[in-house]
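Working notes, beginning with the structure itself.
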Amino acid sequence: MIACPVCRAPGPAPFLRVNGADYWRCGVCLATVLDPAHRLSAAQERAHYLTHENDPADPRYRAFLSKLADPLLARLKPGAEGLDYGCGPGPALAAMLREAGHAVALYDPFFAPDRAPLARAYDFVACTETAEHFHAPADEFDRLGGLLRPGGWLAVMTCFQTDDARFGAWRYRADPTHVVFYRAGTLRHVAAQRGWSCEIVRKDVALMRAPG
């Protein structure tokens, strides 16, 4: 791996091999990345997502999403316009934000592939349990930044990687669609590279804000 796909720093180092799959570690942003040779095909990836039970009416799933929704809602002005980026087949977060009075567009490369919502800007972009699937994270974060109005919020929820000793047995790592793992400091670095602020509002949730 020539450059880190998260921060574009040169020379990530081999980190660990688990069940024949190689992982790399960036010495700058500390992201851990699955070697591209071990990724699923697009068809396999989509099929795996369809096994997830993300029912918008499930109160347990809503409680899980509230980890991001509650702190984001506390910062939004009434009637804000946003995008659920990577909404999946059951866009529960969008439903929750709409119920709170905000307009929310949808985009997902597999389940809401119309790219028209990517041609405008928003007061907020929510990215829940999506960033760990990014094959080109630096490019994705650049795209997300381009979707924000001045002062707009990028809300990211992904399970932070904290314990190297447990990485091999980590259930989150074992999901075959999870190809990049972030520490809290990784997302702070991503934000700093783009001139955004970054607040880790609770475990696994970062709120980044564009200047303006």
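Some values worked out for this structure:
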| read-out | value |
| --- | --- |
| Elements of type strands (runs of 3 or more DSSP E) contained in the range 113-212, each with 1 or more residues being touching a Leu at 6+ places or on another chain (Cβ under 8 Å), hydroxyl-bearing (Ser, Thr, Tyr) and free of Cβ contacts under 8 Å to residues at least 60 places away in the same chain | 122-128 |
| Qualifying residue in the range 96-109 (condition: modelled with pLDDT of 95 or more, assigned to a loop (DSSP other than H, G, I, E, B) and within 18 Å of the chain's Cα centre (by Cα)) | yes |
| Residue count for the range 2-30, restricted to those that are within 17 Å of Glu140 (Cβ to Cβ) and part of a loop (DSSP other than H, G, I, E, B) | 8 |
| Qualifying positions in the range 37-46 - surrounded by 13 or more Cβ atoms within 10 Å (Cβ to Cβ) and either outside any loop (DSSP other than H, G, I, E, B) or of a type in the set (Asp, Glu) (or both) | His38, Glu45, Arg46 |
| Tally, over the range 185-212, of residues that are among the aliphatic types (A, V, I, L, M), touching a Cys at 6+ places or on another chain (Cβ under 9 Å) and within 22 Å of Trp170 (Cα to Cα) | 2 |
| Residues within the range 176-198 that are over 15 Å from the mean Cα position of the chain (by Cα) and not basic (Lys, Arg), tallied | 6 |
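The values are calculated or read from the model by the stated rules, or taken from the named source; none is laboratory data. None of these values were measured; they are calculated from a predicted model. Ideal geometry is used to build each Cβ from the backbone, glycine not excepted, and the neighbour counts take in all protein chains shown.
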